[in-house]
Amino acid sequence: MTIRIYGVSGSRAIRSLWAIEETGIDYTHVPTHFFSDSKTEEYLAVNPNGRIPALVDGDLTLFESMAINLYLIRKYAPALYPDNEADEAVAIQWSVWAISEIEPLQMQIVIQTFFNRDNIDQSIIDSATESLKRPLNVLNTTLADRPYLLGDEFTVADLNVAGVMQLMQMVKFDFTGYHNVVDWLERCYSREALKRAQSLD
Ligand SMILES: N[C@@H](CCC(=O)N[C@@H](CS)C(=O)NCC(=O)O)C(=O)O
């Protein structure tokens, strides 16, 4: 039974490519770009949203990067998954937080920086940067007394939040004032599994 993961590293799919590389399992990477590849009839049968990433594992077909990562890590990399319900709830909390509190704001900056290059609206970037202060301060304060979100060890919570925040790195977001976040991102991004995932075009 082959596990298939769809997407390319230069997209939100990097989050799930990173997760599957953390597991060390055998899998097939199906390079799927977010423009035309993700709109074919064949791909829409996997993810009717026409977005990447997506995962197929036997009878299970999944979309949404956070769901894919929680599934992959729980099943195939249990050492990175909380071993009790309370910590699991906190890991889910951070995963949902990343895509609700960080992602929409960082996407405003990404859109201006990459897709609106000739007509950048700096006021949108400034406003998103201002609004990001609230979640980034929460993250910075949380990481003041621990190296990782759940404590001493890297877990799926770090994978998911740092995975989402890779887009902020790509737009060279100024993290001045969030030094705990900077140190933590450096720890997370130094993982070999991420380096392998980044080569999956
Ligand atoms: N919430 C989704 C977002 C996925 C997403 O928007 N992926 C982009 C690539 S960065 C995409 O496939 N865009 C193609 C499109 O919107 O048509 C997730 O986290 O998996």
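The values are calculated or read from the model by the stated rules, or taken from the named source; none is laboratory data. All of these numbers come straight from a predicted model, not from anything done at the bench. All Cβ positions, glycine included, derive from the backbone under ideal geometry; neighbour counts span all protein chains shown. With ligands, DNA and RNA removed, areas are computed over all heavy atoms of the protein, side chains included. Shrake-Rupley method; radii C 1.70, N 1.55, O 1.52, S 1.80 Å.
Odds and ends about this structure:
- Matching residues, segment 54-71, being among the small types (Gly, Ala, Ser) and under 18 Å from the mean Cα position of the chain (by Cα): Ala54, Ser65, Ala67
- Residue identified as closer than 17 Å to Ile14 by Cβ and within 19 Å of the chain's Cα centre (by Cα) among Tyr189, Tyr148: Tyr189
- Qualifying residue in segment 159-179 (condition: free of Cβ contacts under 8 Å to residues at least 40 places away in the same chain, assigned by TED's automatic domain parsing to the domain that holds Ile92, within 16 Å of the ligand (Cβ to nearest atom) and among the aliphatic types (A, V, I, L, M)): yes
Residue-by-condition table, conditions (1) within 15 Å of the ligand (Cβ to nearest atom); (2) touching a residue at least 24 places away in the same chain (Cβ under 8 Å):
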position: Leu70; (1), (2): yes, yes
position: Leu80; (1), (2): no, yes
position: Val90; (1), (2): no, yes
position: Trp94; (1), (2): yes, yes
position: Phe115; (1), (2): yes, no
position: Ile120; (1), (2): no, no
position: Ile124; (1), (2): no, no
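- Here Met66 clears all of (1) in contact (Cβ under 8 Å) with a residue 60 or more places away in the chain; (2) within 12 Å of the ligand (Cβ to nearest atom); (3) surrounded by fewer than 18 Cβ atoms within 10 Å (Cβ to Cβ); (4) of a type outside the set (Val, Ile, Thr) except the condition numbered (3).
- Selection of first residues in segment 28-49 that are among the aliphatic types (A, V, I, L, M) and of second residues that are open to solvent by less than 80 Å² (accessible area, probe 1.4 Å) and within 9 Å of the ligand (Cβ to nearest atom), restricted to Cβ pairs under 7 Å at least 6 apart or on distinct chains, gives the following pairs, ordered by first then second residue: Leu44/Gly50; Val46/Ala54.
- In segment 18-42, the qualifying residues are those that are in a helix (DSSP H, G or I) and near the ligand (Cβ under 10 Å from one of its atoms), and the one that is nearest to Val164 (Cα to Cα) is Ser38.
- Of all residues in segment 78-97 being hydrophobic (A, V, I, L, M, F, W, C) and farther than 10 Å from Thr155 by Cβ, the one that is surrounded by the fewest Cβ atoms within 10 Å (Cβ to Cβ): Ala86
- Of the criteria (1) buried (at least 18 other Cβ atoms within 10 Å of the Cβ); (2) among the hydrophobic types (A, V, I, L, M, F, W, C); (3) at pLDDT below 95, which one Phe35 fails: (1)
- Scanning segment 45-61 for residues that are open to solvent by 30 Å² or more (accessible area, probe 1.4 Å) and either under 13 Å from Gly7 (Cα atoms) or modelled with pLDDT under 95 (or both) yields a single hit, Arg51.
- The lone criterion from (1) open to solvent by less than 60 Å² (accessible area, probe 1.4 Å); (2) at negative phi left unmet by Gly151 is number (2).
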